[in-house]
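Undergrad: There's a structure below that I have some questions on.
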Amino acid sequence: MMGRTIFIDPGRCIGCQACVSACRECDSHRGKSMIHLDYPDEGHSVASLPTVCMHCEDPVAPCAEVCPADAILVTADGVVQQADTTRCIGCANCVNACPFGVPKIDLQAKLQMKCNLCYDRTAYGLAPMCATVCPTGALFYGTIDELRAERPGVQVADSFTFGSTTVTTGVAMVVPADKVQWPVPGGLPVVEINGRDVR
């Protein structure tokens, strides 16, 4: 996990979309939001979940690994960049490779679009736009120690299992310590957290 990163706390998300609006304002995004809200049990629950790039570390960015144009770069500090507009061919390989469903293709521009952790801000020590406006702290930017000082008793997951593949990420998910036997908001069952069976 990166030093300073985003921690997603799904139990705190109220679906206000402030993060989506703020993302549009980031200088490098040209008025388009790179974050979206998922509604995992739409029609049955008001649960929402902010979806940002998880900046996969191991395996290193599946989206970048399958890019035939080498358009997706990973910085030395682990940030998976949005596709380079001079190289991206809009093939959507990255969309299909991402286990978290993050990259999107702008069909009009024929370009891949995804969260780049507001690298134009975070490279200079500023928080990403989404985390600066989140009224409930569902998107927290900082270190694990800062998070635990503010929210005692939380566990953090940065390893996620998809079938037989485990993906370790630079962005982490907050898991309250007192809710070990729980469904993720929206009713999605959690089987493993950081390699530990929680059933």
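The values are calculated or read from the model by the stated rules, or taken from the named source; none is laboratory data. Keep in mind that what you see is a predicted model, and the values were worked out from it rather than measured. Cβ atoms come from the backbone with ideal geometry, glycine included; neighbour counts cover every protein chain shown. Accessible surface is based on the protein model in full, side chains and every heavy atom, while ligands, DNA and RNA are left aside. Shrake-Rupley method; radii C 1.70, N 1.55, O 1.52, S 1.80 Å.
Undergrad: Scan the stretch 66-112 residue by residue and report those that are on the phi > 0 side of the Ramachandran plot and surrounded by fewer than 19 Cβ atoms within 10 Å (Cβ to Cβ).
TA: The initial filter retains those residues of the stretch 66-112 that are on the phi > 0 side of the Ramachandran plot, namely 70, 78, 90, 92, 101, 110.
Residues satisfying the conditions are ASP70, GLY90, ALA92, GLY101, LYS110.
Undergrad: Cβ-Cβ under 7 Å, sequence separation 6+ or interchain: first residue in the stretch 98-113 and over 16 Å from PRO59 (Cα atoms), partner hydroxyl-bearing (Ser, Thr, Tyr) and open to solvent by 30 Å² or more (accessible area, probe 1.4 Å). Which pairs?
TA: From the stretch 98-113, the pairs are LEU111/THR85.
Undergrad: Something else: When you go through (1) open to solvent by 40 Å² or more (accessible area, probe 1.4 Å); (2) closer than 21 Å to GLY78 by Cα; (3) in contact with a Lys or Arg (Cβ under 9 Å, 6 or more places away or on another chain) one by one for GLY11, which number turns out not to apply?
TA: Of everything listed in (1) open to solvent by 40 Å² or more (accessible area, probe 1.4 Å); (2) closer than 21 Å to GLY78 by Cα; (3) in contact with a Lys or Arg (Cβ under 9 Å, 6 or more places away or on another chain), GLY11 misses just condition (2).
Undergrad: Go through the stretch 13-60 and give me each residue that's touching a strand residue (DSSP E or B) at 6+ places or on another chain (Cβ under 8 Å), outside any strand (DSSP E or B), over 24 Å from ASP106 (Cα atoms) and at pLDDT 90 or above.
TA: Hit for the stretch 13-60 is CYS13, nothing else.
Undergrad: Would you mind stating whether CYS115 is within 19 Å of HIS55 (Cβ to Cβ), part of a helix (DSSP H, G or I), open to solvent by less than 40 Å² (accessible area, probe 1.4 Å) and among the hydrophobic types (A, V, I, L, M, F, W, C)? Before you say what the answer is, go through the steps one by one.
TA: Values: within 19 Å of HIS55 (Cβ to Cβ): yes; part of a helix (DSSP H, G or I): no; open to solvent by less than 40 Å² (accessible area, probe 1.4 Å): yes; among the hydrophobic types (A, V, I, L, M, F, W, C): yes.
Against the criterion (within 19 Å of HIS55 (Cβ to Cβ), part of a helix (DSSP H, G or I), open to solvent by less than 40 Å² (accessible area, probe 1.4 Å) and among the hydrophobic types (A, V, I, L, M, F, W, C)), CYS115 does not qualify.
Undergrad: Taking the condition of a type outside the set (A, V, I, L, M) and either in contact with a Leu (Cβ under 8 Å, 6 or more places away or on another chain) or open to solvent by less than 20 Å² (accessible area, probe 1.4 Å) (or both), does PRO59 pass?
TA: no
Undergrad: Out of everything in the stretch 155-173 that is touching a residue at least 40 places away in the same chain (Cβ under 8 Å) and under 15 Å from GLY11 (Cβ atoms), what residue ends up being most open to solvent (accessible area, probe 1.4 Å)?
TA: Out of the qualifying residues, it is MET173.
Undergrad: It is to be established whether one or more residues within the stretch 124-134 are among the β-branched types (Val, Ile, Thr) and open to solvent by 30 Å² or more (accessible area, probe 1.4 Å).
TA: Within the stretch 124-134, one or more residues are among the β-branched types (Val, Ile, Thr) and open to solvent by 30 Å² or more (accessible area, probe 1.4 Å).
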